[in-house]
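Report on one structure; see the data block that follows.
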Amino acid sequence: MFRRLLSVGGFTLLSRITGFARDMLLAWVMGKGLMSDAFFVAFLFPNNFRAIFGEGTINPAFLPRYAALQAKGEKAAAAKFADHVFSWQMAAQIVLLGLAMIFMPQIIRLLAAGYADNSAELALMVSLARVTFPYLMLTLVAVQLSAMLNAIDRFWAAAAWSNLLNLSMIATLIAWRWFPSSAYAAAWGVLGGGVAQLIFILWAGRREGLWLKLSWPRWTPEIREFFIAFGAVTVGAASVVIAPFIDTVIVTYLPVGSRTVLYYADRINQLPLGVLGIALGTVLLPQMSSRLTLGDRAGSDAAQNRSAAVSLLLTLPFVFTFLLIPGTIMRAVFAHGAFDSTAASEAGQVLAAYGVGLPAMAMVRIIASTFYARHDTMTPVRATVTAMICNIALKVVFVWGLHLGVPGVALGTALGAWINVGMLTWYGHSRALLAIEKIFLRSLTPALLAALACGAGAWAGARLGESAIGGHYADVAALIVAIVCASAGYGAVLFLFRKSLPLGKFAR
């Protein structure tokens, strides 16, 4: 499991590094204003519709069934099932793309209601969204092939292909003067990244003997079962995606640049979530599905408890760091070029609010695997929909009731994630499906102590770095020293409690 986690986490970390380079370049070139807000609204479409029709549905609805066929040695049946799912997916995407291109002005007016009086801004959003939206169709092929590769324990390619979007956007942003504006450069970079990702994953799948054949969509008993699961999961995925769209509607009523600030804070929050939380969930689901298919309930529970323990061990330190030095992080990373230190400090407040929910955002996928591995897609949907309703209600209270502004949007997201985790845990326990074992309970105290040591080290290191080096590079120096001190404190606690943690050979 650790070898697979390191493979997925390593390539995901590389993706986050290239993503950081991309976002720093975006901040440098576009700054905080109408241009950046317009692009980030357009960028919502490929990102969030992919969550509905991509990993958010393919992994829970398709992967467990495909992995079960592979585990039983029925490779021909698995390939036929994959081809049928692919054909239905493409048919739906062609219809969706056509409707989106035709009705994009109406969609943008609904989404960015706060810009109703700014026709130029709305027109720019429509134009950019029409460039970025076709990325969705391209990336869905990569998503399904990635799920197939994960099912046969080939994780590296599925984790590596996301880098190509970042590299494509970096290239177009560097050459932004050849485009009508920097926003258009970024949008065309998204579409170019989709083409590159498609070519790469087709090559990786071919190396492992995996391919997808397009044919006229056929209705079979397996497809019927898939669509029942797909429909349930789509409701859950859509409810998750509705929240970011609601965020966009809310921030259009806040000062100009609010959408940009929210985006950059979320990007930092997504670093540990993507590298650690999503990597654990990616590795865990096919493993649980295969073990349960073979009747190994004990092995499935053990894998889930190890994943949950490692998830908290690796995400809790970021919670304390984001709460204690958020401004230092945002200024050091993004306060360059057109994105000034005032905007970065505002984004730091948003980052602190996001950090409250970071462990829950990582744990949701791990706990939801309890149900997805058993082909139960409705239970996570109930929890997700309830959490989403609470999420939106909290944002309204925080933004307009308590006047917290953009940080209130992030805080609503964080608390909504904890509500989701609480409901999934309750459902799992009440049905005797979720087993909390000693390996998880024994790791809680060391994980919390390590996180406290990390946060204290980050705070002390930031103060030391600021006092040692002043001027323009004070924040960069503070962040570097904070990372060193935080790592030292965290590593020391891990070493002391290594035998109580599920670290495998690393504990030795």
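Just a few scattered comments:
- Verdict on V283 being part of a helix (DSSP H, G or I) and either at pLDDT below 75 or crowded, with 24+ Cβ neighbours inside 10 Å (or both): yes
- Just one of the listed residues (A71, A113, A100, A78) is buried (at least 21 other Cβ atoms within 10 Å of the Cβ) and either among the small types (G, A, S) or modelled with pLDDT under 70 (or both), namely A78.
- Those residues of segment 376-393 which are of a type outside the set (V, I, T), closer than 12 Å to G416 by Cβ and surrounded by fewer than 21 Cβ atoms within 10 Å (Cβ to Cβ), in sequence order: C390, A393
- Failed item in (1) over 26 Å from W28 (Cα atoms); (2) surrounded by fewer than 22 Cβ atoms within 10 Å (Cβ to Cβ); (3) aliphatic (A, V, I, L, M); (4) modelled with pLDDT under 85, with V95 passing the rest: (4)
- The condition (being farther than 30 Å from E225 by Cβ, of a type in the set (A, V, I, L, M) and not assigned by TED's automatic domain parsing to the domain that holds A478) is satisfied by just one residue among A362, A335, A383, A373: A335.
- Listed conditions (1) surrounded by fewer than 24 Cβ atoms within 10 Å (Cβ to Cβ); (2) at pLDDT 80 or above; (3) part of a helix (DSSP H, G or I) are all met by A238, apart from (2).
- Residue within segment 43-64 that is more than 30 Å from A368 (Cβ to Cβ) and modelled with pLDDT of 80 or more present: no
- Among the candidates V397, V319, residue that is at pLDDT 85 or above and within 18 Å of the chain's Cα centre (by Cα): V319
- For segment 446-465, the condition holds for at least one residue, the condition being that it is at pLDDT 90 or above and either among the aromatic types (F, W, Y) or not in a helix (DSSP H, G or I) (or both).
The values are calculated or read from the model by the stated rules, or taken from the named source; none is laboratory data. As the structure is a computational prediction, the values presented were derived from the model and not from experiment. So basically every Cβ, Gly included, is an ideal-geometry build from the backbone, and we count neighbours across all protein chains shown.
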